[in-house]
Amino acid sequence: MKKLLILLSLLLIISCSIDSNENKIGIVIHGGAGTILKENMTPELENSYIIKLEEAVTAGYDILKNGGSSKDAVEQAIRVMEDSPLFNAGVGAVLTNDERVSLDASFMDGKNLNAGAIAGSSYIKNPISAAIAVMDKSPHVLLSSKGADDFAIEIGIDTVPNSYFITERRLNSLRRLKNRNSVSFEDTFIKDSKFGTVGSVAIDIHGNISAGTSTGGTTNKIWGRIGDVPIIGAGNYANNECCGISATGWGEHFIRNVVAYDIAAQMIYKNENLKDASKKSLDKVKATGGDGGVIGLDKNGNIAMEFNTAGMYRAHIDNEGNITIKIYKD
Ligand code: ASP
């Protein structure tokens, strides 16, 4: 009996010490920020977004819950949104001036500051997986256009014809925009052309933070325009020392303000908290004339979902499994 008690106490001590090495897990996702107003939304459409956001965030959370990596969680959450025509990423992405889809994505591993990205891809079915493959299977960080597509084919990542990505809804948006008879930079950002980029940040039981972002960019983009999404430090950043960030919004302003890294830098050098740092960086975006939002997770599992637009599709699951899904401003 005494031996059994000693054995049980030992087991308890061991399990406690394992637990104390485990970090809090968590995942946060966004499906883009922009002019998302309740009065422009039907209940059916709103419901479709909520269902898809739940599916995406849960797919990532289930991986974390089972001890999986934040890298796999971010990839899976983003793939669910890339495979849905609701978002401006993968199928259903916005169209370029010449009625094609051109995709950008990036991924960063906060454990070792490894990163991978693709820009201007025409054929990669799930750009987030290609961004991760650039990180894991090439000596480079960013591959573009035909080179990115060739790389994907060479390493066996799924590719599809460009027509796979094109939806009626995006074709209509492009044609409406073109009828305005202008290619001014402002016009690429009228109402419904401004949202749908997707992103995710997660932290796993080992305290590793990963961040990923994926987009079709902006409607009517021209001249091989590339936004902030594949630019590490602008639309995406992760560093276990502080946080992971994924951005959405007017990409040119997120590049100019180096938003994702700006948030991390405030936390590292000024000890700022994630929420305040995110707000301050978005204020800088506003000051240069842009708008958008960010999601983030810090090393203690605190989250931020900040934006200065009318709304942002967003969801979060915390360490206890509590789920939050929101679209509009509170
Ligand atoms: N940031 C993306 C870009 O400029 C667009 C978006 O987030 O909606 O390409």
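Summary table
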quantity: Reachable aspartates and glutamates, given that their alpha-carbon falls under 15 Å from the alpha-carbon of LYS329 and they are not under 8 places away in the same chain; calculated: GLU39, GLU46, ASP291, GLU306
quantity: Per-peptide average of other Cβ atoms within 10 Å, ordering 259-269, 46-56, 276-286 highest first; calculated: 259-269, 276-286, 46-56
quantity: Segment 66-223: equivalent-ellipsoid semi-axes (sqrt of 5 x gyration tensor eigenvalues, Cα, Å); calculated: 29, 16, 13
quantity: Alpha-carbon Rg with Dmax, taken over segment 260-325, Å; calculated: 12.5, 39
quantity: Where Rh is the Kirkwood radius over Cα pairs, Rg/Rh for segment 202-243; calculated: 1.14
quantity: Label point distance in nm, HIS206-ASN179, each placed 7 Å from Cα along Cα→Cβ; calculated: 5.4 nm
quantity: Rel. contact order, % - alpha carbon contacts under 8 angstrom, at least six apart, the chain; calculated: 24 percent
quantity: Integer Hz, Karplus 6.51/-1.76/1.60 couplings in order for segment 265-278, x for Gly and Pro; calculated: 5, 4, 6, 6, 8, 10, 6, 5, 7, 4, 5, 5, 4, 5
quantity: 14 Å beta-carbon shell around GLY321, net charge (K/R +1, D/E -1); calculated: -2
quantity: Kirkwood hydrodynamic radius of segment 112-163, from inverse mean 1/r over distinct Cα pairs, in Å; calculated: 10.6 Å
quantity: Karplus-derived HN-Hα couplings along segment 116-123 (A = 6.51, B = -1.76, C = 1.60, θ = phi - 60°), whole Hz, x at Gly and Pro; calculated: x, 7, 10, 9, x, 7, 9, 10
quantity: Environment charge of PRO127, counting only residues whose C-beta is closer than 12 Å and scoring Lys/Arg +1, Asp/Glu -1; calculated: -4
quantity: Spatially close lysines, pair count over segment 262-323: Cα under 15 Å, gap of eight or more or interchain; calculated: 4
quantity: √(5λ) per eigenvalue of the Cα gyration tensor, segment 87-138, largest first, Å; calculated: 24, 10, 8
quantity: Extension gain from ASN322 to ASN40, taking 0.36 nm per residue of separation minus the Cα-Cα distance; calculated: 98.6 nm
quantity: Label-point separation in nm, GLU168 to GLU99, each point 7 Å along Cα→Cβ; calculated: 1.6 nm
quantity: Residue exposure sequence - ARG79, ARG180 - by fewest surrounding Cβ within 10 Å; calculated: ARG180, ARG79
quantity: Coordinate range along principal axes, alpha carbons of the chain, Å, largest first; calculated: 86, 45, 42
quantity: Partners for LYS24 among aspartates and glutamates (Cα-Cα distance below 19 Å; same-chain residues under 8 apart left out); calculated: ASP62, ASP72, ASP109, ASP204, GLU241, ASP298, ASP318, GLU320
quantity: Extension gain from GLU154 to ASN273, taking 0.36 nm per residue of separation minus the Cα-Cα distance; calculated: 38.6 nm
quantity: Whichever lysines have a C-alpha closer than 28 Å to that of LYS146, once near sequence neighbours (fewer than 8 apart) are set aside; calculated: LYS71, LYS125, LYS137, LYS178, LYS194, LYS221
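Values quoted throughout were computed directly from the atomic coordinates according to the rules given, and no laboratory measurement underlies them. Owing to the predicted nature of the structure, the values given are computational and were not obtained by experimental measurement. Note that we place each Cβ from the backbone using ideal geometry, even for glycine, and neighbour counts take in every protein chain shown.
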